[in-house]
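Participant: Next up is a structure, given as structure tokens.
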Amino acid sequence: MKKLLDTSCGGGHGLDLISARQATQDEWKEIVERMIARGASIPEKDITPLVQYLAKAYGPK
């Protein structure tokens, strides 16, 4: 998932923007959907695993 994060999300903005945020899984899902609407290229099959990864790695502490 880290590679997908780097290629799909890191292209539009720095990964520091992601690492600075702490969001729940539902919040990450909304964020990912918003980024897709803005042009992020994330395959449908990768959305759920990516959201789960983000919630685990960058969720509330």
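Participant: Of all residues in segment 20-52, which are more than 13 Å from residue 9 (Cβ to Cβ) and among the polar types (S, T, N, Q)?
Facilitator: 22, 24, 25, 48, 52
Participant: Next up: Just the residues that are at pLDDT 95 or above and either closer than 14 Å to residue 6 by Cβ or hydroxyl-bearing (Ser, Thr, Tyr) (or both), please, taken from segment 16-61.
Facilitator: Hits for segment 16-61 are 24, 48.
Participant: Inside segment 31-61, can you point out the residues that are surrounded by fewer than 13 Cβ atoms within 10 Å (Cβ to Cβ) and not in a loop (DSSP other than H, G, I, E, B)?
Facilitator: Once the filter is applied, which keeps residues that are surrounded by fewer than 13 Cβ atoms within 10 Å (Cβ to Cβ) and not in a loop (DSSP other than H, G, I, E, B), segment 31-61 yields 34, 37, 44, 45, 48, 49, 56.
The values are calculated or read from the model by the stated rules, or taken from the named source; none is laboratory data. Note that the coordinates shown come from a computational prediction; the quantities given were computed from them, not determined experimentally. Here the Cβ is made from the backbone with ideal geometry for all residues, glycine too, and neighbour counts use every protein chain on show.
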